[in-house]
Every structure is written in C-alpha cells, then in structure tokens.
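Q: Here it is: the structure, laid out below.
Rule-based calculations on the coordinates, nothing more; no lab input. Remember, predicted model here, so these are calculated numbers, not experimental data. In this analysis, Cβ positions are derived from the backbone assuming ideal geometry, glycine residues included, and neighbour counts consider all displayed protein chains.
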Amino acid sequence: MRTRTFAKIITMGMMILICMPDISKGQPAKEPSRKEALIINSGIHDGSGDIGTEPRLAFKGVARISNAPWLRLYFGNSELGRAGFLKITSLEDGAYQYLNSISLKQWQNTSAFFNGEAVEIELYVASEDKRVFFEAKEVVVGERPKNLGKNGEPFQITSNPCTGWLGICGGFDDRVSSNDPAIGRIIRITAQGDTGIVGTGWIASNGAYIAAGHLFPAGDTDAKTFEFSVPASDPDGTPNFAHPNNQYAIDLGSIVSENFPCDRDWALYRCFPNANTGLLPVQAQNAFYRLSLDSNPPTFRITGFGLDECLPGSTGGRNSNSVTQQTSTGPNYGESGSGNNVSWSFAVDIRNGNSGGPIIPDGTSLSVGIETCGTFSCPPSGNSGTSFDCDALENAVNIFPGATIRYADNGHPFATGVGTIFRPYNTVAGAVNAVPTGGIVSIVRGSYSESLTINKALTLTAPVGIAAIGPSLSPKVAEDDRQPDDDNLANKFIPTEYKLAQNYPNPFNPETTIEYALPKTAFVTLKIYDMLGQEVRTLVNEFQQTGVKSVNWDGKNDEGLLVPSGIYIYQIVAGEFAKSARLLLLK
C-alpha cells in the first residue's frame with residue numbers, strides 16, 4: 001500500500017497547515033518464494049489420425065522440489081493442438097488442473113498453485129493433432145516464513161503481542177475466521193519469483209471484481225490469481241492453496257485502476273473462466289455485494305486475507321490463520337474528502353493482506369468502499385479505505401460493464417430510481433425505459449413481478465444470477481405495438497451467427513440445459529465427451545431449422561446409466577461451425 005500524511009488545520013487568526021509524520025500506511029502481505037530452473041520437455045508427438053478416438057497419453061513426468069510447501073509451474077514453448085491438453089496433479093493432495101491451448105494462454109503460460117513438493121504432468125494428444133509438445137522451464141517454490149517480529153527481532157512471549165502492529169486496534173487482534181463466498185484471495189508472484197504478494201478481492205453486483213489499486217502496479221505484467229475456498233495455512237503460517245477448481249486467472253487486459261494515496265486506491269478487473277469447470281467466480285460462488293453511497297452505519301465489518309502473527313497467548317509468529325479469510329468489526333470514524341479523494345476511517349482490526357477487502361456496514365450485504373490502509377496508532381487514528389464517493393471510482397465501477405448502462409435491483413435498500421449501481425431502479429421496466437437505445441440493462445438476481453415491454457434495441461444481462469421477470473418468468477418483446485403470443489416468441493428472434501452457450505446450471509445435478517443458435521438450417525450433432533475424449537452421450541443428431549435451440553442432459557450415457565461426477569466436454573458441430581465447452585457434474 002501507500003503512506004498517507006495526516007494534516008490538521010488550526011485557526012489562530014490565520015490558517016496554518018501542519019503536516020504530521022507519516023503514520024498511516026499499508027501493504028499487501030508478502031509470502032517468501034523463489035524461482036528455480038526446471039527443464040521438462042515432452043518431446044514432439046502426433047495423434048493417431050483416427051478421427052473420433054480418445055486423446056492418448058503421450059507423456060508423463062514429475063516436477064519435484066524437495067521439501068517445497070507449494071509449487072507453481074512456468075511453461076516455455078508449447079503447442080497443445082486443437083484438442084490436446086495437459087493434466088497437472090499434486091502428489092500431496094491429488095488436486096489437479098487441466099490446461100489446453102486456450103487456458104494455457106489465459107494463465108500466461110503458468111499453472112495454478114499446487115500444495116506439496118511435487119506435481120505429475122501428463123500430456124494428452126488428440127487424434128487429429130500433429131507436433132504436440134510442451135516445455136516446463138521454471139518453477140516458483142514457496143518458502144516457509146522466518147517468523148520474526150515486527151522490527152525483525154525474534155518473537156518473545158508478551159502479555160500483549162499485537163501492540164504496535166500495523167492495523168491492529170487496541171493491542172489485541174479481534175479477527176475471527178470466516179467463510180464469505182463473495183470474498184477471495186489475490187496472489188501475484190513477482191517477475192523474479194522471489195515474493196508472493198497477497199491481497200483481497202471480491203464480487204460486486206454487476207459482476208465486476210474489486211480490489212485495491214496497489215495490488216496491480218502500473219505496467220505490471222506478472223500473472224495474477226484470484227482464489228476462493230482458501231484452506232488453513234500450516235502452523236508456521238505457510239499458505240496452502242485452494243483446489244484449482246477454485247483458482248482463476250485474472251485478465252490483465254481488463255484491469256482499470258488508480259494507485260494513489262489511501263483515499264484513491266482502487267482496481268476493477270475480470271477473470272477468465274476456470275480451466276477445469278469453465279465457470280467464472282461469480283457463477284461458482286453465487287454471492288456478491290451491493291454497492292452504496294448512502295449507508296453510514298455506526299459499525300463496519302472488514303473481511304480479508306491478512307497476515308496473522310500475534311495470536312493472544314502465543315509467543316508470536318505466523319500461524320494457521322495467516323493469509324486466510326478472517327473478519328472483524330469496529331466503530332465507523334466517518335467519511336472525509338471530496339472529488340477523487342474520499343476515504344472512510346474505522347477502528348477495525350486489519351493486517352497486511354487485507355488490502356482490497358470490502359468496507360461492509362455490519363449486518364448487511366452492502367459495501368461502501370475498499371479497505372486500503374492501516375495505521376500504527378489505532379486508536380486514536382483509524383484504519384482507512386477508499387470510498388465509492390471517490391468520483392473516479394464511482395464512475396468506473398458504474399460503467400465497467402459498458403458506458404451506456406442502467407441498473408435494476410429490487411433488493412437494494414437505496415433503490416431510488418437514479419439507475420446507477422449505487423441507486424438502481426427497483427423495477428426492470430424503469431431501467432428499460434431509461435436506458436438509451438443500444439444500451440445495457442443490468443438486473444441483479446431476484447424475482448421481478450412486473451410486466452415488461454421492450455420496444456428498442458438493448459441488452460439485458462443478469463450478471464450475478466437468474467432474474468425472473470413477470471408471471472411467465474420471461475420478458476415479452478413489443479413489435480408494431482403488439483404483444484406476440486408466447487408460443488411464437490422464439491420465432492421473433494432470428495440468430496445472425498452460430499453460438500454455443502454455457503450450460504446452466506453449472507455445476508449441475510441431476511440435469512442441465514445446453515442452448516445453441518443456428519443462423520441457417522444445418523445438420524447438427526451435439527455430443528458429450530469425457531476428459532479422455534471418449535464419447536458419452538449423443539444429444540442431437542439431425543437436421544434442424546434456423547433458431548435458438550436447447551437440449552437437456554440428465555447425466556446419463558447412451559446406455560441410460562448415470563455417469564460419475566466430474567468434468568465433461570460438450571461439442572456442437574453444425575455445418576462449418578464447431579465449438580466445445582466444459583460442464584461439471586456433481587453428486
């Protein structure tokens with residue numbers, strides 16, 4: 001984080017500005033690590049050429065760094081073909097990640113984080129692919145913290161081990177373990193591989209992910225990971241990582257941020273779909289925070305992934321709570337500033353790594369800002385964070401999905417009809433009527449018992465879950481001032497291009513729906529495959545007319561038997577169009 005200078009204005013016949021010493025600052029947590037050379041080369045492999053056969057295992061190897069608590073692989077030149085893939089498996093806990101040619105690029109030629117000293121790497125080559133290979137060239141290796149005190153001295157038993165620690169108010173750490181599904185941990189490994197930077201991010205009601213700007217330094221191209229369901233750390237505070245099903249590569253091209261002092265320190269970003277499940281964090285977590293400019297409660301809650309070094313009754317040193325999700329509450333000291341520099345102050349315990357967490361009015365699912373800075377003197381000074389009243393942040397988060405947008409949210413306590421994410425309409429009709437032609441209406445999940453007429457081009461989106469509108473749970477579209485019959489509704493939409501949508505729900509049990517669009521009549525096949533490329537079920541195998549289509553899969557194979565839980569591939573072939581996607585069956 002940044003340092004912040006406090007100033008007092010004293011009136012004695014004149015205005016005197018007195019700058020006090022830097023007493024407020026904050027940082028992301030730093031986890032020790034190092035980068036080592038690792039040369040694993042698969043050699044070049046061709047597929048069998050037998051179309052329709054399963055991908056074959058062409059190479060298997062192990063990357064091992066003795067006594068390493070965790071690993072992350074860095075790949076060099078690789079060519080996985082159209083349907084080949086890597087499978088990386090931790091030999092400690094069995095956690096695995098699949099990477100194909102697309103997801104490997106999204107992960108910037110790195111893997112997820114794996115617990116333990118060794119991973120197995122398998123290369124599968126599809127029958128139609130040629131000259132498939134990979135090279136693993138480096139590995140980032142976790143190191144155990146040295147567990148020195150705040151000034152670098154060894155820890156000692158004291159009656160008050162938190163005294164003088166950045167962000168701890170009143171000398172004792174009041175944080176407790178929590179499991180808020182909307183809040184995750186951000187990991188960034190420096191280019192040199194020598195320090196893992198830890199911070200906090202979270203999900204907003206428009207599908208954006210929010211954090212502190214200093215977690216994303218300008219010009220930084222280091223791979224960054226957003227993870228949920230973070231397990232306890234080792235007793236010495238060494239972090240453990242979530243299953244790769246809960247790790248997401250951050251899209252660096254999506255980041256919008258400012259990294260100024262504590263009152264102007266924010267970032268918005270997107271993630272790529274999970275390499276295993278195909279889900280985005282907002283889909284997998286099914287949780288989010290609404291944003292507010294109007295809430296000013298007596299008590300705030302701060303939740304995040306801060307360091308933990310001073311457990312009361314201990315001799316000090318990082319422990320199993322360190323850089324795991326913890327939460328604490330404390331008094332709101334108020335909001336100050338104007339324009340692009342507005343902050344909240346509060347006496348809530350935080351530590352390095354909490355940076356980026358939501359400032360939550362206690363007892364609500366609202367956020368009024370982003371925690372960014374801690375102080376060594378809390379109280380009387382407060383820890384602080386950037387308020388959504390910061391003009392630049394307020395505008396950026398509101399238009400993050402698109403420049404011309406109106407919001408509908410009948411669950412927002414301040415749905416005053418302005419149409420922003422902070423003061424949305426409480427009806428979809430209100431947002432639809434207000435949005436300019438060609439704009440976006442973002443609808444927060446829920447049931448909207450209302451009639452809806454749409455008579456202009458626009459985009460409806462429900463980024464954080466299903467929004468059911470009207471008694472029929474679907475909007476009607478006006479044409480020539482007439483309402484079409486429900487039975488003919490689909491005929492009013494003529495696709496202009498082939499599309500294959502993500503199945504829903506996903507993960508699913510026992511049944512899921514797959515939708516696709518055909519711009520012209522075509523012979524269509526839609527099949528389910530397992531991760532080895534074996535055909536499981538044929539869902540469609542016929543000529544079909546132009547239109548939007550859907551088909552259900554009940555988790556059974558062609559013999560009518562239920563298939564095991566796991567990741568499956570569904571693939572459509574229609575004329576010259578072919579596309580695949582992943583789905584996850586859970587039991």
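Q: Collect residues whose amide H, placed 1.01 Å from N in the peptide plane, falls under 5 Å from the amide H of I405; neighbours closer than 5 in sequence don't count.
A: I440
Q: Over 21 Å between Cα atoms: which of K30/K224; K520/K556; K35/K224; K87/K499 fall into that group?
A: Pairs exceeding 21 Å: K520/K556; K87/K499.
Q: Relative contact order of segment 159-387, please, whole-number percent, based on alpha carbon pairs below 8 angstrom and at least 6 residues apart.
A: Relative contact order comes out at 26 percent.
Q: Among [x] 26.1, 91; [y] 35.9, 107; [z] 54.2, 186, only one was calculated for this model; which label is it, if the read-out is Rg and Dmax of the Cα atoms in Å?
A: Read-out from the structure maps to [x].
Q: Based on the Kirkwood radius over alpha-carbon pairs, what value in µm²/s does the Stokes-Einstein equation return for the translational diffusion coefficient of segment 344-393 at 25 °C and 0.890 mPa s?
A: 218 µm²/s
Q: Could the peptides 348-355, 95-102, 241-248 be put in order, highest first, of the mean number of other beta-carbon atoms found within 10 Å of their residues?
A: Sorting 348-355, 95-102, 241-248 by mean packing, highest first, produces 348-355, 241-248, 95-102.
Q: Just to be sure I understand the curve: with the Debye formula and one point per C-alpha of segment 499-585, what is log10 I(q)/I(0) at q = 0.18 Å⁻¹?
A: Log10 I(q)/I(0), no solvent term: -0.72.
Q: Of all DSSP beta bridges in the chain, what percent run antiparallel (nearest 5)?
A: If I count the DSSP bridges inside the chain, around 90 percent turn out antiparallel.
Q: For segment 376-416, I need the span (max minus min coordinate) of the C-alpha atoms along each principal axis, in Å, sorted largest to smallest.
A: 43, 23, 13
Q: May I ask which of K105/K549; K60/K105; K130/K549; K105/K137 have a Cα-Cα span longer than 23 Å here?
A: Over 23 Å apart, Cα to Cα: K105/K549; K130/K549.
Q: Here is a further query. Would you order E122, E309, E511 from fewest to most other beta-carbon atoms within 10 Å of each residue's own beta-carbon?
A: E511, E122, E309
Q: In square nanometres, what is the average projected area of the Cα convex hull of segment 178-239?
A: Approximately 5.3 nm², given one-decimal rounding.
Q: May I ask for the percentage of alpha-carbon pairs in segment 30-142 that lie more than 26 Å from each other?
A: 17 percent
Q: So, one more: Counting alpha carbon pairs within less than 8 Å and at least 6 residues apart, what relative contact order, in whole percent, applies to the chain?
A: 12 percent
Q: As an exercise, take the mean of 1/r over every pair of distinct alpha carbons in segment 289-375, invert it, and state the Kirkwood radius in angstroms.
A: Final number for the Kirkwood radius of segment 289-375 is 13.7 Å.
Q: Using the Cα centre of segment 278-368 as origin and beta-carbon charges of +1 (Lys, Arg) and -1 (Asp, Glu), tell me which of S320, P361, Y333 is placed farthest towards the positive end of the dipole.
A: S320
Q: For the chain, what does the helix formula give at 222 nm: sum of -39500 (n - 2.57) over DSSP H segments with n ≥ 4, over the residue count, nearest 500 deg cm²/dmol?
A: About -1000 deg cm²/dmol.
Q: Can I ask one more? Given the alpha-carbon gyration tensor of segment 159-387, what are the semi-axes of its equivalent ellipsoid in whole angstrom, ordered largest first, with each equal to the square root of 5 times an eigenvalue?
A: For segment 159-387, the ellipsoid semi-axes come out as 25, 22, 16 Å.
Q: I'd like to compare 341-347, 228-234: which one has the highest average count of other Cβ atoms within 10 Å, and what's the full order after that?
A: Taking the mean over residues of other Cβ atoms within 10 Å, the ranking is 341-347, 228-234.
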